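First comes the structure, then the notes that go with it.
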Protein chains: 4
Amino acid sequence: MQRTHKRISISALLLCGLLPLSAQASNLLVNNNISHQEVLDAQQAWGEALIKISQTYEQKGHAEAKKLAKQVLDQAYGYQQGAVLFKPTLASGEQTFRTEVDGALSYFVGSDKQYPQDSGFALKGWKEYSFDNAAVYINGDVALTMGHVKLIDNKGKQTLVDKSWAFKKDEQGQLRIVLHHSSLPFQP
Amino acid sequence: MQRTHKRISISALLLCGLLPLSAQASNLLVNNNISHQEVLDAQQAWGEALIKISQTYEQKGHAEAKKLAKQVLDQAYGYQQGAVLFKPTLASGEQTFRTEVDGALSYFVGSDKQYPQDSGFALKGWKEYSFDNAAVYINGDVALTMGHVKLIDNKGKQTLVDKSWAFKKDEQGQLRIVLHHSSLPFQP
Amino acid sequence: MQRTHKRISISALLLCGLLPLSAQASNLLVNNNISHQEVLDAQQAWGEALIKISQTYEQKGHAEAKKLAKQVLDQAYGYQQGAVLFKPTLASGEQTFRTEVDGALSYFVGSDKQYPQDSGFALKGWKEYSFDNAAVYINGDVALTMGHVKLIDNKGKQTLVDKSWAFKKDEQGQLRIVLHHSSLPFQP
Amino acid sequence: MQRTHKRISISALLLCGLLPLSAQASNLLVNNNISHQEVLDAQQAWGEALIKISQTYEQKGHAEAKKLAKQVLDQAYGYQQGAVLFKPTLASGEQTFRTEVDGALSYFVGSDKQYPQDSGFALKGWKEYSFDNAAVYINGDVALTMGHVKLIDNKGKQTLVDKSWAFKKDEQGQLRIVLHHSSLPFQP
């Protein structure tokens, strides 16, 4: 019915020293907030999706990889709800910010004449992924994260990026990325 | 595309003394918040819907009135998103709180054996409606209101109630009632 | 330092299969949201405060009871942050809504010429309190509750009211009532 | 009394076709949300503060510049409310993320043995500042921005950075930075 619609256990009420006035009282809870675990799950899912696009590209070719990337963008980002604040790692110049879904899709799978700089970040043979949050900030149905993301490709090469995300929980309980700022570490 | 997705006018940017770095910058705004005007509009719409159900009952009978009431509940309340905190004016006893849509529908149009106390509040020949907020409290995508609501029926009889509402703005920009507490004025 | 500022346990990170990239990473969490337990605690605290004001009146007189009531209003309501949407059980007419702290204080302890209808609701010898939520709705740092509240005075007389609350969590983590609608049950 | 505590004009009510039931009704509004203008103002203020620290350093020396920087961090960032997600432009390695105020202060004014890589970003003779938002995302009392920030120093040298901010409005109506990710443009 909805994301967190549950009956409060009677034992919990008894712990609070409450005597229910009516046995028919339904004791319903609606909770629209993001939990910390949901944020961690969404971060994990992002990496798994990236690896899956890479694998799909290797095994089934570009068309299937692009199809999957579009699905991921539709499900895991907030483009269908409006602009997304997306600064991909390797985007630059006047196309630094990919606020529309076409620009995001091009960044991940390339082959879009409108974005000649894109070679397809998700096609680079990614095999492993991990993230390490420096901090997480939760405010209602939005959560902010900042930290390192490490990617390893099929040749064992590591790529480390500094990454910020903002996730917005939608009405179906799905966390969607509404801000994504990724940058290569500063080289002093 | 979404509820408040608009391009910021260039004049507004100039007023801020900003020189856009790129002519292609899109300057998009997503705003999930409720505005005061949206709250007033939703309050107005509630009364108009009540009167329309009354008129439909008089002109087309109970089945049509019930159908309309169901539509109003689906569109203007949050039952499809979860429990609604609804204490109707004339509900009492173990059926005081109508957290499920069936109980709300019965309150407005009656004729439900599960709710024998309900005679159909929306069927009482309502002709006029006005509200007077004592205060409005806006917090993100939720707004709280409290005040008097005055209803006048087709015989000119006035009914004044003390009413609190909480509205939640959904992803389509529709305000939905998630709390509705209505009570007859205390008689000292 | 703040309300929910804690280090995530290393075991939790290991459960998530994460290898921290840096042993110095601080893994901080800020969470501004209301939890269901905080709501239940605030509801419990409201009843305890009411009983304490009653006891203080009996044992130490009106001045001390008024002093305590003012403290409770300052700590547990949102008057210092702005208007509160308060419809007390026994308030009526043009003074139905007590959006300012003076009106709320008068309702609880009376003796204010500006509010001649008030006899002091908190002075009525309350001894016991319980609440039974029909539903709870949590949205960010605001939570809505609706249900029955039962009060028993020192003569064993029970008073049952229909009550809605909206709590807002402040920056110190204190839940404050920003909406309070209380009404006697409808008598069919 | 509070940040947006105002009486709704009677003309506004008349426009809505409402007849106030009581001339004494107070018609109060509390609004905790961030407005788009407040976001633009906070972005403008950030740049002005940076320039002021630079000027103070030139005119009054390091001690005064550090004192001012500490004031700016206390007023314009959320460190006193908890961890801040801060990735400064020129920070790297294990000190990439400055979630504590000491690390932020060192980044801006240097001279902290704990942060040997910091030379004091705010001391670099900044004279001009402008920002160009690619998009703004507003959700309750939090707003996200992403775009270019351009800084010009006293020798006319331009620095362009990709910057994301999250602002949280506090109870006094002050916007505080709770996420700040700044990075040099990717060099293809």
Select from the range C:130-148 the residues that are hydroxyl-bearing (Ser, Thr, Tyr) and in contact (Cβ under 8 Å) with a residue 12 or more places away in the chain and write down the one among them that is farthest from C:Tyr77 (Cα to Cα). C:Ser130
Please enumerate the residues belonging to the range A:69-95 that are within 21 Å of A:Phe186 (Cβ to Cβ), facing another protein chain (nearest Cβ under 8 Å) and surrounded by fewer than 24 Cβ atoms within 10 Å (Cβ to Cβ). A:Thr89, A:Leu90, A:Ser92, A:Gly93
Which numbered condition trips up C:Ser111, out of (1) over 19 Å from B:Ala91 (Cβ atoms); (2) touching a residue at least 60 places away in the same chain (Cβ under 8 Å)? (2)
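Quick grid of which residues meet (1) touching a strand residue (DSSP E or B) at 6+ places or on another chain (Cβ under 8 Å); (2) not basic (Lys, Arg):
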residue: B:Ala134; (1), (2): yes, yes
residue: B:Gly140; (1), (2): yes, yes
residue: B:Leu151; (1), (2): yes, yes
residue: B:Lys157; (1), (2): no, no
residue: B:Val161; (1), (2): yes, yes
residue: B:Lys168; (1), (2): yes, no
residue: B:Gln172; (1), (2): no, yes
residue: B:Leu175; (1), (2): yes, yes
residue: B:Leu179; (1), (2): yes, yes
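Could you pull out the residue among C:Gln37, C:Gln44 that is open to solvent by 60 Å² or more (accessible area, probe 1.4 Å) and under 17 Å from C:Gln174 (Cα atoms)?
The match here is C:Gln37.
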Within the range C:115-163, restricting attention to residues that are assigned to a loop (DSSP other than H, G, I, E, B) and at the interface with chain A (Cβ under 9 Å from one of its Cβ atoms), which residue is farthest from the chain's Cα centre (by Cα)? C:Gly140
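Evaluate the following for D:Phe108: is it more than 16 Å from the chain's Cα centre (by Cα) and of a type outside the set (Gly, Ala, Ser)?
No, not satisfied.
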For the range D:162-176, which positions are of a type in the set (A, V, I, L, M, F, W, C) and in contact with a Lys or Arg (Cβ under 8 Å, 6 or more places away or on another chain)? D:Phe167, D:Leu175
Report, by residue number, each residue of the range D:164-177 that is in a strand (DSSP E or B) and in contact with a helix residue (DSSP H, G or I) (Cβ under 8 Å, 6 or more places away or on another chain). D:Trp165, D:Phe167, D:Lys168, D:Lys169, D:Leu175, D:Arg176, D:Ile177
Taking the residues in the range A:140-162 that are open to solvent by 20 Å² or more (accessible area, probe 1.4 Å) and of a type outside the set (D, E, K, R) as candidates, determine which candidate is nearest to A:Gly173 (Cα to Cα). A:His148
Would you tally the residues in the range C:172-188 being modelled with pLDDT under 95 and either within 12 Å of chain A (Cβ to nearest Cβ) or open to solvent by less than 30 Å² (accessible area, probe 1.4 Å) (or both)? 0
Residue check for A:Asp118: within 21 Å of A:Glu58 (Cβ to Cβ), of a type in the set (Asp, Glu) and surrounded by 17 or more Cβ atoms within 10 Å (Cβ to Cβ): yes
Pair list, Cβ < 9 Å and 6+ apart or interchain, from the range A:19-45 residues that are hydroxyl-bearing (Ser, Thr, Tyr) to residues that are open to solvent by 50 Å² or more (accessible area, probe 1.4 Å) and at pLDDT 95 or above: A:Ser22/B:Glu94; A:Ser26/B:Glu100
Residues located in the range A:75-86, provided they are in contact (Cβ under 8 Å) with a residue 40 or more places away in the chain and under 14 Å from the mean Cα position of the chain (by Cα): A:Gln75, A:Ala76, A:Tyr77, A:Gly78, A:Val84, A:Leu85, A:Phe86
Can you run down the residue pairs with Cβ atoms below 8 Å, 6 or more apart or on separate chains, where the first is in the range A:149-178 and on the phi > 0 side of the Ramachandran plot and free of Cβ contacts under 8 Å to residues at least 24 places away in the same chain and the partner is among the polar types (S, T, N, Q) and open to solvent by 10 Å² or more (accessible area, probe 1.4 Å)? none
Every residue in the range B:96-111 that is open to solvent by 50 Å² or more (accessible area, probe 1.4 Å) and not polar (S, T, N, Q), please. B:Glu100, B:Asp102
Determine whether C:Ile53 is modelled with pLDDT of 95 or more and either among the small types (Gly, Ala, Ser) or over 23 Å from D:Val178 (Cβ atoms) (or both). yes
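The values are calculated or read from the model by the stated rules, or taken from the named source; none is laboratory data. These numbers were taken from a predicted model, which means no experiment stands behind them. Note: ideal-geometry Cβ built from the backbone for every residue, glycine included; neighbour counts use all protein chains shown. What goes into the accessible areas is simple: the full protein's heavy atoms, side chains included, and nothing from ligands, DNA or RNA. Shrake-Rupley method; radii C 1.70, N 1.55, O 1.52, S 1.80 Å.
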